[in-house]
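For reference, the structure discussed in these notes is given below.
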Amino acid sequence: MKSINDRSQDIGPFVSQTDDAIIICRCEEITKGEIRQAIHDGMFTVNEIRRYLRAGMGLCQGQTCGKLVKNLIARELNVIPDQLDPATSRSPMRPVEMKVLGNEEVSHV
Amino acid sequence: MSKYNDVIIIGGGIIGNATAYYLAKKGLSVTVLEASKDIGIGGSSRNGGGVRQSGRDTRELPLAMWGIKNLWPGLSEELGVDVEYTQKGNLRLGKTAAHQKILQGLTDKAVSCGLDVRMINGDEIRAINPYLSDEVTCASWCPTDGHANPLTATLGYYKKARELGVRFITESPCFELRKIKGVIRQVVTPDAIYEADKVLVAAGFDSRKILATVGIDVPMMPLKMECLVTEAEPPMFLQMLGTADADFYGHQSKHGSFVFGGSSGFEHLNKDNGSPISSSIGASCTCRGIIKYFPALADAKIVRAWAGWLDDCADHVPVISPVEEVPGLYIACAFSGHGFGIAPAVGYNVAEMIADGHSTIDLSALRYDRFKPKQ
Ligand SMILES: Cc1cc2nc3c(=O)[nH]c(=O)nc-3n(C[C@H](O)[C@H](O)[C@H](O)COP(=O)(O)OP(=O)(O)OC[C@H]3O[C@@H](n4cnc5c(N)ncnc54)[C@H](O)[C@@H]3O)c2cc1C
C-alpha cells in the first residue's frame, strides 16, 4: 500500500479544475479548490486540512463535509480513502450554551 | 532518498517545525520525524494561542520579548499563511486583595526586566474591555501582549519548511538515539535508521524517554489541560485575557469564536487514557469561571472541547540547550504550558545554536544541567 508518510513525495503540480469553486464545507464556506490547494501545501490528513482551513470546524463539526474532504485528499494523493483517518470527534455532541454546560450544583462543604 | 542529513529533528510540533524552517533558510539539509500521523498533533494544535510576556519567568522573558518585537509581526507574510497575530494587549484579571497581591508581584518582576506592564483599576479595565463584570477590581495590563492562531502558525511553519526542502516523515517514532565514536549519529525508528551530524529532540514530554537512551534526563512530567471553543460571535474584544486565580484564559479569534482554557483543580490527577481526552468536569467548570467574569457570554454556545498535555518542567521553565556530554545533541522541550508564544523565537535561536554555535538571545539560563538537589 502506498504510504503518505513521506511528505516530500511528488504528487504532481496543482492543476485547477472547473468545479474548484464549489463549496465543500458549508459551515465555514471552504471550496474544493481551497482544499486541493491545501493538499499541495502539504496537508495530507483530514485533521491537518481541518486545522489549516477550518473545514469541518464550524457548527456541524464536519458531520456533513468530513467524508467529502477525505475523498478529495485520497484522490489528490492517489490512495484509497480507507487509508485516511476521519477527523477527531470532540464533545459536546451538539452546541451547548455556556450557562447550560456550566449549570451544575457544586457544593463546597 | 538519502537517510543522511545535516540535522534531524525529532517532533513535528511548532518547535520542531519552526527550527526546521530557520535551519533550511540557512541552507542546511533537515529531516523532521513525527511519531503520529498528523503534523502538529501535540500541544501545538491544542493550546490557547497566548503570545505574552507578562507573567513569564525572568529566564524566559528575553525570548518572549525578542520574538514579539522581531518575528511575530511579520510572520504571516513570511510563512504565506495567516497566523492571525493580534497585538492588542493582555489583561490579567483579579477580584480580591489576594489576587491584587499576586498580580503586583508578577508586575514588579516584569517591570524590572524592562517590560511595559502596569496595574490598573476596575474603571480602567472596563474602559479597555466593557464586557467585564463589576466583580473585576484589578488587573495587570501589558499593551504589547497578544494572541495568534496556533493551528495555522504550526502548519504554516511546516508548509514553508517543506517548500524549502525540509523532509517531513510521519508515523516515525524515534525510540533510540545512538552515538558513534562518542558523538551523536543515529536516530532509530521502527522502519529506518536516520543519520545526521546534529540531532534536535523537540518531542514534548516524550523527549524524556528519547533522551534517556543516551543517558540524559530532563525533570518534567505530563500534565493534562483542557480548552473549549464557542461558535462564532460578533466581534467583542481583541485582548488576550487571563486571571490571577487561573480560572480561565483566552481570547476571541479572528473567526469570531472564543477560545478559552481553564482548570478544574484536578489536572495533576487526570486520567491518562493514552490520548488526551477531556474530562467530564473540565468544560463545565471553565464555563462557570468565564460567566463570572463575562456575564454576556452565558448564551454563547460551546461547539468543541479538547485536552492536551503540557511538558511541565521541575521549575516550569523550558530546557533549550546543547548537550556537551553527547556532542551534536540539542534539546528544546519542557515548555511547561507556554511554548507557543515563544516558538518563533525558540526556532530562530535554536537554528542559530545548531548552525552557528551561538544564538542571538543568551539561553544559558535554560540549560539542561541547571537542576540541582536542594542540599
Ligand atoms: C491546553 C494547552 C494550552 C496551552 N496554552 C498556551 C498558550 O496560551 N500560550 C503558549 O505560549 N503556550 C500554550 N501552551 C503550550 C504550548 O502548546 C506548547 O508549549 C507548545 O506547543 C510546544 O510545542 P512543541 O513542538 O514542543 O510540542 P508538541 O506540539 O507537543 O510537539 C511534540 C511532537 O513530538 C511528537 N513526538 C512525540 N514523541 C515522538 C517520538 N518518539 N518520535 C517522533 N516524534 C515524537 C509528538 O507527536 C508531537 O507532534 C498550551 C498547551 C496546552 C496543552
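About the Cα centre of the stretch A:23-101, what is the dipole size in debye to 20, counting +1 per Lys and Arg Cβ and -1 per Asp and Glu Cβ, all else neutral? Mind dumping the intermediate values first?
Working: 12 positive and 9 negative charges, 46 e Å.
For this selection, approximately 220 debye.
Chain pair A, B: how much accessible area is buried, both chains summed, with a 1.4 Å probe, in Å² to 100? Show your work: numbers first, answer last.
On the way: alone 7920 and 16080 Å², together 20530 Å².
In total, chains A and B hide about 3500 Å² from solvent.
For the pair A:ASN103 and B:ASP191, how long in nm is the line joining their label points, each one 7 Å along Cα→Cβ?
Result for the modelled spin labels: 5.0 nm.
Could you work out the mean count of beta carbons from other protein chains within 10 Å of each residue's beta carbon in A:58-69?
Working: counts 5, 4, 1, 2, 0, 0, 0, 0, 0, 0, 0, 0.
Partner Cβ neighbours, averaged per residue: 1.
Using a 1.4 Å probe on protein heavy atoms, which residues of the stretch B:298-327 have at least 10 Å² less accessible area in the complex than alone?
B:ALA298, B:ASP299, B:ALA300, B:LYS301, B:ILE302, B:VAL303, B:ARG304, B:ALA305, B:TRP306
If you average 1/r over every pair of different alpha-carbon atoms in chain B and take one over that average, what Kirkwood value in Å do you get?
Details: mean 1/r = 0.0474 Å⁻¹.
Taking every pair of different Cα atoms in chain B, averaging 1/r and inverting gives 21.1 Å.
By what distance, in whole Å, do the Cα atoms of the protein assembly as shown stretch along each of the three principal axes, largest value first?
Taking max minus min along each principal axis of the Cα atoms, the protein assembly as shown gives 65, 63, 42 Å.
Which one of B:LEU329, B:HIS316, B:ALA305 is farthest out on the positive end of the charge dipole of the stretch B:290-336, using unit charges on Cβ (Lys, Arg +1; Asp, Glu -1) and the Cα centre as origin?
B:ALA305
Only four residue types carry charge here, +1 at the Cβ of Lys and Arg and -1 at the Cβ of Asp and Glu. Report the dipole size of the protein assembly as shown about the Cα centre in Debye, rounded to the nearest 20. Please report the intermediate quantities before stating the final value.
On the way: 52 positive and 56 negative charges, 69 e Å.
Dipole size: approximately 340 debye.
What angle, in degrees between 0 and 90 and rounded to the nearest 10, separates the Cα long axis of helix A:66-77 from the longest principal axis of the Cα atoms of chain A?
30 degrees
When the chain is fully extended, how far beyond the present Cα-Cα distance does B:ASP272 get from B:ASP217, taking 0.36 nm per residue of separation?
Details: separation 55, 0.36 × 55 = 19.80 nm, distance 2.21 nm.
Full extension from B:ASP272 to B:ASP217 adds 17.6 nm.
Return, in residue-number order, each cysteine of chain A whose C-beta is not under 4.7 Å from any other cysteine's C-beta.
Here A:CYS27, A:CYS60 come out as lacking a disulfide-compatible partner, given the Cβ-Cβ threshold of under 4.7 Å.
Among B:HIS255, B:MET236, B:SER359, which residue has its Cα furthest toward the positive end of the charge dipole of the protein assembly as shown, with +1 on Lys/Arg Cβ and -1 on Asp/Glu Cβ?
The one lying farthest along the dipole's positive direction is B:SER359.
Could you tell me how many degrees, from 0 to 90 and to the nearest 10, lie between the Cα long axis of helix B:150-163 and the main elongation axis, the longest principal axis, of the Cα atoms of chain B?
Helix B:150-163 and the main axis of chain B meet at about 30 degrees.
Taking the mean number of other Cβ atoms within 10 Å as a proxy for protection, how do you rank B:263-269, A:10-16 from highest to lowest?
Values: B:263-269: 13.7, A:10-16: 9.6.
With the highest mean Cβ count within 10 Å placed first, the list reads B:263-269, A:10-16.
Could you give the nm distance between label points at B:ARG178 and B:ALA365, where each point is 7 Å from its Cα heading toward the beta carbon?
4.1 nm
Treating only the Cβ atoms of Lys and Arg (+1) and Asp and Glu (-1) as charged, compute the dipole magnitude of chain B about its Cα centre; round to the nearest 20 debye. Present the calculation step by step, with values, prior to reporting the outcome.
Numbers: 38 positive and 41 negative charges, 68 e Å.
I would put it at about 320 debye.
State, to one decimal in nm, how far the label point of B:GLU78 lies from the label point of B:SER36, with both points 7 Å from Cα in the Cβ direction.
Distance between the two pseudo-spin positions: 2.5 nm.
Averaged across the residues of B:279-287, what count of C-beta atoms belonging to other chains lies within 10 Å of each residue's C-beta? Numbers along the way, then the final one.
Details: counts 0, 1, 2, 1, 6, 8, 4, 3, 9.
Rounded to a whole number, the mean comes out at 4.
In degrees from 0 to 90, rounded to the nearest 10, what is the angle of the helix B:282-293 Cα long axis to the longest principal axis of chain B?
40 degrees
Which one of A:ILE49, A:VAL100, A:ILE80 has its Cα pushed farthest toward the positive end of the charge dipole of the stretch A:23-101, where Lys and Arg give +1 and Asp and Glu give -1 at the Cβ?
Checking the options against the dipole of the stretch A:23-101, the answer is A:VAL100.
What's the FRET efficiency of A:SER3 with B:LYS69 using the Cβ-Cβ distance as r and R₀ = 60 Å, to the nearest 0.05?
Plugging the Cβ-Cβ distance into 1/(1 + (r/R0)^6) gives 0.90.
The values are calculated or read from the model by the stated rules, or taken from the named source; none is laboratory data. Keep in mind that what you see is a predicted model, and the values were worked out from it rather than measured. Ideal geometry is used to build each Cβ from the backbone, glycine not excepted, and the neighbour counts take in all protein chains shown. Please note that ligands, DNA and RNA were not included when accessible areas were found on the heavy atoms of the full protein model with its side chains. Shrake-Rupley method; radii C 1.70, N 1.55, O 1.52, S 1.80 Å.
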